[in-house]
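Asker: There's a structure below that I have some questions on.
The values are calculated or read from the model by the stated rules, or taken from the named source; none is laboratory data. The shown structure was predicted, so the numbers you read here are calculated from the model rather than taken from an experiment. We place every Cβ from the backbone using ideal geometry, glycine too, and count neighbours over all the protein chains shown.
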């Protein structure tokens with residue numbers, strides 16, 4: 001076997017391990033971080049810690065799945081947390097004010113309808129007037145949050161409606177350990193189902209392929225017959241539904257409702273999606289990478305807490321990772337551009 005053939009074989013293996021969106025690199029970083037934290041703190045590598053990590057990842061994962069769709073389509077959404085707070089808190093206040101319980105399914109149905117409506121507003125404004133997605137969602141974030149606090153309420157609610165509270169302490173798995181009980185909340189199930197559905201949609205449906213096409217080149221997508229405006233509107237409606245789902249799950253697991261708690265962690269979600277390989281330039285990203293990115297950000301936050309690092313430095317670490325992730329993407333895009341120019345010159 002020649003040296004050239006051997007090098008090509010090694011390169012092929014490395015590309016396979018790395019994955020199309022650097023998923024392999026993220027997985028390696030996760031494993032290294034787990035190994036380091038286990039060495040620093042033996043109590044870290046336990047079933048209870050793993051379940052706690054998964055529990056803390058439920059809401060960020062659902063957020064991230066929605067943000068992934070927006071980023072693949074070439075946009076940025078920062079209003080998802082405000083939609084989550086608006087939909088979930090309004091649903092709870094409505095039931096308590098009216099004095100009747102919609103039940104678990106009815107509560108989710110109402111919240112999802114509100115989330116879809118707010119997402120529709122984002123999608124309509126962006127697609128109709130062709131405005132920058134960051135500016136639009138930054139504006140609607142303030143509008144949704146301001147309207148919620150001014151007209152719906154701003155009080156902390158300690159008691160949820162019975163239909164929602166009924167599963168607040170329900171676990172899908174409980175394991176007795178040396179240090180107590182390790183419990184995995186049942187609401188991880190809908191998060192996993194949503195991840196599978198989004199992965200299937202992106203890989204197997206025309207709608208998913210349309211999202212990639214719009215993010216890759218919106219003009220080419222339009223010329224290819226893709227209904228760009230309709231697709232963009234549906235993307236933001238889906239994001240609104242996912243945000244409402246995440247908000248409901250957050251308040252159910254917390255057994256209380258506070259309209260101001262959900263807003264403020266948008267950076268962590270966007271960083272997780274970008275670190276998972278989604279291109280901020282659009283047209284690229286996977287659910288697999290997003291899941292790994294969410295786990296990485298949550299693991300970093302939990303690890304810093306465990307070793308006693310102040311919360312302010314957690315924000316610094318996530319911000320640094322976001323800059324690194326975007327920087328790597330920019331360098332990669334520049335390198336590919338130069339390679340394409342070189343090949344064009346040769347031909």
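Asker: Do any helices (runs of 4 or more DSSP H) entirely within the range 181-248 hold 1 or more residues that are at pLDDT 95 or above, under 16 Å from the mean Cα position of the chain (by Cα) and under 30 Å from residue 85 (Cβ atoms), and if so, which? Outline the logic, then answer.
Answerer: Numbers: elements: 188-204, 206-216, 218-223.
Passing ranges, in order: 188-204.
Asker: Within 23 Å of residue 190 (Cα to Cα), modelled with pLDDT of 65 or more and within 26 Å of the chain's Cα centre (by Cα) - does that describe any residue in the range 1-20?
Answerer: No; the residues of the range 1-20 include none that is within 23 Å of residue 190 (Cα to Cα), modelled with pLDDT of 65 or more and within 26 Å of the chain's Cα centre (by Cα).
Asker: Still on this structure: If you scan the range 285-294, which residues turn out to be surrounded by 22 or more Cβ atoms within 10 Å (Cβ to Cβ) and outside any loop (DSSP other than H, G, I, E, B)?
Answerer: Selection gives 287, 289, 290, 291, 292, 293, 294.
Asker: Could you check residue 235 against (1) crowded, with 17+ Cβ neighbours inside 10 Å; (2) farther than 25 Å from residue 113 by Cβ; (3) out of contact with any strand residue (DSSP E or B) (no Cβ under 7 Å at 6 or more places or on another chain) and say which number it fails?
Answerer: (2)
Asker: Conditions first: (1) in contact with a strand residue (DSSP E or B) (Cβ under 6 Å, 6 or more places away or on another chain); (2) more than 21 Å from residue 77 (Cα to Cα). Residue 103 passes all but one, so which condition is the exception?
Answerer: (1)
Asker: Scan the range 59-79 and give yes if some residue there is farther than 29 Å from residue 293 by Cα, outside any helix (DSSP H, G or I) and either free of Cβ contacts under 8 Å to residues at least 24 places away in the same chain or under 17 Å from the mean Cα position of the chain (by Cα) (or both), otherwise no. Give the steps one after another, and end with the answer.
Answerer: Here is the first cut: in the range 59-79, the ones farther than 29 Å from residue 293 by Cα are none.
No; the residues of the range 59-79 include none that is farther than 29 Å from residue 293 by Cα, outside any helix (DSSP H, G or I) and either free of Cβ contacts under 8 Å to residues at least 24 places away in the same chain or under 17 Å from the mean Cα position of the chain (by Cα) (or both).
Asker: Could you grab me the full set of residues in the range 170-180 that are surrounded by 11 or more Cβ atoms within 10 Å (Cβ to Cβ) and without any contact (Cβ under 8 Å) to a residue 40 or more places away in the chain?
Answerer: Once the filter is applied, which keeps residues that are surrounded by 11 or more Cβ atoms within 10 Å (Cβ to Cβ) and without any contact (Cβ under 8 Å) to a residue 40 or more places away in the chain, the range 170-180 yields 170, 171, 172.
Asker: I've got another one for you. For the condition at pLDDT below 95 and touching a strand residue (DSSP E or B) at 6+ places or on another chain (Cβ under 6 Å), what is the one hit in 168, 174? Break it down into steps so the answer makes sense when it comes.
Answerer: On the way: 168 fails: touching a strand residue (DSSP E or B) at 6+ places or on another chain (Cβ under 6 Å).
Of the residues listed, the single one that is at pLDDT below 95 and touching a strand residue (DSSP E or B) at 6+ places or on another chain (Cβ under 6 Å) is 174.
Asker: Let me ask you something else. Of all residues in the range 142-167 being in contact (Cβ under 8 Å) with a residue 60 or more places away in the chain, over 22 Å from the mean Cα position of the chain (by Cα) and part of a helix (DSSP H, G or I), which is surrounded by the most Cβ atoms within 10 Å (Cβ to Cβ)?
Answerer: Out of the qualifying residues, it is 164.
Asker: Any residue at all in the range 319-327 that is crowded, with 21+ Cβ neighbours inside 10 Å and modelled with pLDDT of 90 or more?
Answerer: No; the residues of the range 319-327 include none that is crowded, with 21+ Cβ neighbours inside 10 Å and modelled with pLDDT of 90 or more.
Asker: Would you point out which residue out of 51, 80 is farther than 24 Å from residue 280 by Cβ and surrounded by 19 or more Cβ atoms within 10 Å (Cβ to Cβ)?
Answerer: Working: 80 fails: farther than 24 Å from residue 280 by Cβ.
Just a single option satisfies the conditions, and that option is 51.
Asker: Something else: Would a scan of the range 126-138 turn up a residue that is modelled with pLDDT under 95, outside any helix (DSSP H, G or I) and touching a strand residue (DSSP E or B) at 6+ places or on another chain (Cβ under 6 Å)?
Answerer: No, the range 126-138 has no match at all.
Asker: Of the numbered conditions (1) farther than 16 Å from residue 303 by Cβ; (2) at pLDDT 95 or above, residue 60 satisfies every one except a single condition; which is it?
Answerer: Evaluating residue 60 over (1) farther than 16 Å from residue 303 by Cβ; (2) at pLDDT 95 or above leaves (1) as the failure.
Asker: Further question on the same structure: Restricting to the range 184-204, give me the number of residues that are in contact with a strand residue (DSSP E or B) (Cβ under 8 Å, 6 or more places away or on another chain) and either more than 30 Å from residue 42 (Cβ to Cβ) or buried (at least 18 other Cβ atoms within 10 Å of the Cβ) (or both). Please lay out each step first, then the result.
Answerer: We begin by selecting, within the range 184-204, every residue in contact with a strand residue (DSSP E or B) (Cβ under 8 Å, 6 or more places away or on another chain); these are 184-186, 188-189.
From what's left, either more than 30 Å from residue 42 (Cβ to Cβ) or buried (at least 18 other Cβ atoms within 10 Å of the Cβ) (or both): 184-185, 188-189.
Summing the residues that are in contact with a strand residue (DSSP E or B) (Cβ under 8 Å, 6 or more places away or on another chain) and either more than 30 Å from residue 42 (Cβ to Cβ) or buried (at least 18 other Cβ atoms within 10 Å of the Cβ) (or both) in the range 184-204 gives 4.
Asker: Would you mention how many residues in the range 126-141 are touching a residue at least 12 places away in the same chain (Cβ under 8 Å) and surrounded by fewer than 18 Cβ atoms within 10 Å (Cβ to Cβ)?
Answerer: Residues that pass the stated criteria total 3.
Asker: Next question, about the same structure. If you go through the range 269-284 one residue at a time, do you hit one that is farther than 26 Å from residue 328 by Cα, assigned to a loop (DSSP other than H, G, I, E, B), touching a helix residue (DSSP H, G or I) at 6+ places or on another chain (Cβ under 8 Å) and modelled with pLDDT under 95?
Answerer: So in the range 269-284, the residues farther than 26 Å from residue 328 by Cα come out as none.
No; the residues of the range 269-284 include none that is farther than 26 Å from residue 328 by Cα, assigned to a loop (DSSP other than H, G, I, E, B), touching a helix residue (DSSP H, G or I) at 6+ places or on another chain (Cβ under 8 Å) and modelled with pLDDT under 95.
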